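First up is the structure itself, then whatever we jot down about it.
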Amino acid sequence: MIWTLREVDSPVQGHPIQNLLPGVEATTGSLGQGLSVGVGHVLGGRLNQLDYRVYVLLGDGECEAGQIWEAAMAAAHYKADNLVAILDYNKFQETGPISREMGLEPLVQKWQSFGWHVAEADGHDVADLLAKFDAVRQVKGQPSIIIAHTVKGKGVSFVEADFTFHGRALTAEQAVLAREELNGTR
Ligand SMILES: Cc1ncc(C[n+]2csc(CCOP(=O)(O)OP(=O)(O)O)c2C)c(N)n1
Ligand SMILES: [Mg+2]
C-alpha cells in the first residue's frame, strides 16, 4: 500500500481521508483543523456522557494557522480538562525555521494567556512524556498542552541538517545511510 503514496484513489493520499484508512475519522490536510476536531470530540463526549480523554498532536508550524487559536479559546471557554494537546516543537515548518517564517515565542505564555495549563517535555524521551501525560490528569477546569521539544528528522544527521526533506522521499542511497544511522551500525 505504501508504494501507492500520493496516487489517486490510494488509501495513503498524502493527506488523511475519512474512512479510506482504518482509524481516520476526519478528512484533513489544511493545517490547524485537528484541535477543532478535538474540541468537538470533547463536547460530543459530554453530550453522550462518555468519560474519555482526547489527545491532539500539533505541529509548531501548524500553530501559525489562525484556526488553532480559535480552537484554543473554545477549549478554555468550555473548560475542556479532558483535552490534551501535544505540540511537536521542532522549530521548523515546511519552508524554514519557525523563528523566520512566523515566530511563536513566547509560546508558554501564549498558551497560558489563552487559558491553558502548560507543561514542557523532551519529546524524544518517552518516560518524560508519559510522566507529563500522568501529571496533567490532575488538572481541573482547563485544557492542557505539553510542549514537546524535538529535533526534526531526529536520528538521521543529514535530514536533521536540512529542512527541505520535509515532504521529499530519500533516495535509495540515502535510505541505506539513514537505516545505518538509526540502527547504530554506522
Ligand atoms: C493551511 C495550510 N497551509 C499550508 C500548508 C502546507 N504545509 C504542509 S505541512 C507544512 C508545515 C508544517 O509544519 P509543522 O506543523 O511544524 O510540521 P513539521 O513539518 O515540523 O512536522 C505546511 C506549511 C497546509 N497543509 N495547510
Ligand atoms: Mg515543525
*Out of the residues in the stretch 44-56 that are surrounded by 14 or more Cβ atoms within 10 Å (Cβ to Cβ) and of a type in the set (A, V, I, L, M, F, W, C), which is farthest from ligand 2 (Cβ to nearest atom)?*
VAL54
*Being out of contact with any helix residue (DSSP H, G or I) (no Cβ under 9 Å at 6 or more places or on another chain) and farther than 20 Å from VAL136 by Cβ narrows it down to one of ARG46, ARG6, so name that one.*
ARG6
*Would you pick out the residues in the stretch 64-85 that are over 16 Å from GLY115 (Cβ atoms) and either within 16 Å of ligand 2 (Cβ to nearest atom) or surrounded by 19 or more Cβ atoms within 10 Å (Cβ to Cβ) (or both)?*
GLU64, ALA65
*Report, by residue number, each residue of the stretch 86-101 that is out of contact with any strand residue (DSSP E or B) (no Cβ under 9 Å at 6 or more places or on another chain) and more than 10 Å from ligand 2 (Cβ to nearest atom).*
THR95, GLY96, SER99, ARG100
_Matching residues in the stretch 107-121 - criterion: being open to solvent by 70 Å² or more (accessible area, probe 1.4 Å) and either small (Gly, Ala, Ser) or not in a helix (DSSP H, G or I) (or both)_ = SER113, GLU120
_Of everything in the stretch 3-53, what is of a type in the set (D, E, K, R) and within 16 Å of ligand 1 (Cβ to nearest atom)? Give them in sequence order._
ARG6
*In the stretch 128-170, what count of residues is obtained for those that are closer than 22 Å to PHE92 by Cα, out of contact with any Phe, Trp or Tyr (no Cβ under 7 Å at 6 or more places or on another chain) and either loosely packed, with under 12 Cβ neighbours inside 10 Å or among the basic types (Lys, Arg) (or both)?*
6
*CYS63 passes all but one of (1) free of Cβ contacts under 8 Å to residues at least 60 places away in the same chain; (2) more than 10 Å from ligand 1 (Cβ to nearest atom); which number fails?*
(2)
*asked:* Condition first: aliphatic (A, V, I, L, M), touching a helix residue (DSSP H, G or I) at 6+ places or on another chain (Cβ under 9 Å) and open to solvent by 50 Å² or more (accessible area, probe 1.4 Å). Now tell me which residues in the stretch 9-42 satisfy that.
replied: LEU31, VAL37
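The values are calculated or read from the model by the stated rules, or taken from the named source; none is laboratory data. All values derive from a computational prediction rather than experimental measurement. All Cβ positions, glycine included, derive from the backbone under ideal geometry; neighbour counts span all protein chains shown. For accessibility, only protein heavy atoms count, side chains too; no ligands or nucleic acids. Shrake-Rupley method; radii C 1.70, N 1.55, O 1.52, S 1.80 Å.
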